Amino acid sequence: MADDDDEIILSELDDEELVAQMFDDLYDGMKEEIEEGTRILLDRGWQPYDVLTQALVGGMTVVGRDFRDGILFVPEVLLAANAMKGGMAILKPLLAETGAPRMGKMVIGTVKGDIHDIGKNLVSMMMEGAGFEVVDLGINNAVEKYLEALETEKPDILGMSALLTTTMPYMKVVIDTMKEQGIRDDYIVLVGGAPLNEEFGKAIGADAYCRDAAVAVETAKQFVARRHNQPNA
Ligand code: B12
């Protein structure tokens, strides 16, 4: 608050102190402060990707730990998520404006029953930054929504996100339905989300599990390149 004597002036902190303060501000759901901190780091010459991973994702890791341990509850985490989105909105155009050549198209969405979207949004942003066109279906997607989007958008890649152990099996429902309809191999299927791992990705028949957005970009590039090298692809 402006009349608070103890107010911390973010721009007077050095980089390390500022990132630590941003962890606290994210924890406390202070969106404006997160936006200001994001801008300051950018003004100091930080790469957008470093601001994203070191200040924002780093801060969210602390929130996630305390949520798991029962120290934070849903309303607080929601505020933290909202603050994080404020920072991400500033970074989005910067990550997207790399001028990378068009790499391919991805349809992405969080699966049915699941409303977590920060990780998915981050993957979308990074994919766009790497030159992919991204169609984001949002959260809580039933198999019909995915199939409809595959038909209308004709992407190279289908991406599915799940953050709950109760919703991750739904990815298999989508892949199995694609198999039934004989369209599974028409797409590269990438899956991600904190509770998943490589074995799970294999077990449900995805092409790959990606542990973070950077891996998602690299994996997508490799698969698309491989696909384009096939004579009849
Ligand atoms: C923020 C958050 C929320 C917010 C979500 C806000 C939002 N708009 O997303 C709110 C408060 C709404 C929420 C609600 C709930 N949550 Co919650 N939440 C989290 C938290 C703290 C952080 C998730 C996050 O955003 N991480 C940051 C992002 C950047 O990381 P990420 O999502 O993992 O994404 C990265 C990778 O996984 C990967 N990736 C992700 N998706 C994809 C997709 C593709 C295609 C690819 C390639 C890669 C990829 O790349 C991303 C970027 O690097 C996690 C804790 C955790 N450790 O994950 C719990 C957590 C996921 N939630 C949990 C729970 C239990 C819930 C609730 C059931 C709580 C409740 N009792 O109501 C509800 C469920 C609501 C629902 N139906 O979905 C549990 C899940 C436990 C489990 N084993 O299933 C966790 C693990 C917390 C815990 N330890 O208890 N939550």
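Quick note: the coordinates plus some simple rules give every number you see, no bench work behind them. Computed from a predicted structure; not experimentally measured. Positions of Cβ are generated from backbone atoms using ideal geometry, with glycine treated the same way; all protein chains shown enter the neighbour counts.
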> Helix 58-68: angle to the longest alpha-carbon principal axis of the chain, degrees 0 to 90, nearest 10?
Replying inline: 80 degrees
>> Quick check on region 102-233: take the gyration tensor over C-alpha atoms, sort the square-rooted eigenvalues as a ≥ b ≥ c, and tell me if it's rounded (a/c under 1.5), prolate or oblate.
In response: rounded
> Between L196, I115, T165, whose Cα lies farthest towards the positive end of the dipole of region 102-233 when Lys and Arg beta carbons carry +1 and Asp and Glu beta carbons carry -1, centred on the Cα centre?
Replying inline: L196
>> Helix 118-129 against the longest principal axis of the chain: what's the angle in degrees, Cα atoms only, rounded to the nearest 10?
In response: 80 degrees
> Which listed residue (S11, Y187, G129) has the Cα farthest towards the positive end of the charge dipole for the chain, taking +1 on Lys and Arg C-beta and -1 on Asp and Glu C-beta about the Cα centre?
Replying inline: Y187
> So for region 8-100, taking the charge dipole from beta-carbon charges (+1 Lys/Arg, -1 Asp/Glu), which of M88, Q54, Y27 sits furthest toward the positive end?
Replying inline: M88
>> Straight-line reach from K92: which lysines fall under 29 Å, measuring Cα to Cα and dropping same-chain residues less than 8 apart?
In response: K31, K105, K112, K120, K145, K154, K221
> How many nm separate the modelled label positions at K105 and T53, each set 7 Å beyond the Cα in the direction of the Cβ?
Replying inline: 3.0 nm
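Rank these for me by crowding, V174, V215, going from fewest to most other beta carbons within 10 Å. Show your work: numbers first, answer last.
Numbers: V174 28, V215 16.
In increasing order of surrounding Cβ atoms, one gets V215, V174.
What's the Kirkwood radius of the chain in Å, using all Cα pairs?
18.8 Å
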> Around A130, with a cut-off of 10 angstrom between Cβ atoms, what is the net charge of the other residues, counting Lys and Arg +1 and Asp and Glu -1?
Replying inline: -1
> Helix 143-153: angle to the longest alpha-carbon principal axis of the chain, degrees 0 to 90, nearest 10?
Replying inline: 80 degrees
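How much length is gained if the chain between A203 and R39 is pulled fully straight, taking 0.36 nm per residue apart and subtracting their Cα-Cα distance, in nm to one decimal? Please report the intermediate quantities before stating the final value.
Numbers: separation 164, 0.36 × 164 = 59.04 nm, distance 4.24 nm.
Answer, rounded to one decimal: 54.8 nm.
Only counting other Cβ atoms within 10 Å, I'd like H228, H116 sorted with the fewest neighbours first. Walk me through the numbers before you get to the answer.
Details: H228 10, H116 18.
Exposure proxy ranking, most exposed first: H228, H116.
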> Listing S11, S161, S124 from the residue with the fewest other Cβ atoms within 10 Å to the one with the most, what is the order?
Replying inline: S11, S124, S161
>> With +1 on the Cβ of every Lys and Arg and -1 on the Cβ of every Asp and Glu, and nothing else charged, how large is the dipole of region 110-161 about its Cα centre, in debye rounded to the nearest 20?
In response: 160 debye
> Using a basic spin-label model with each label point 7 Å from the Cα along Cα→Cβ, how many nm lie between N229 and A81?
Replying inline: 4.0 nm
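About the Cα centre, and with charges only on the beta carbon of Lys, Arg (+1) and Asp, Glu (-1), how big is the dipole of the chain? Nearest 20 debye, please. If you can, show how the numbers build up before the last one.
Values: 21 positive and 42 negative charges, 387 e Å.
So the magnitude is around 1860 debye.
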> Calculated from DSSP H runs of 4 or more alone, at -39500 (n - 2.57) each and per residue, what is the 222 nm mean residue ellipticity of the chain, nearest 500?
Replying inline: -16000 deg cm²/dmol
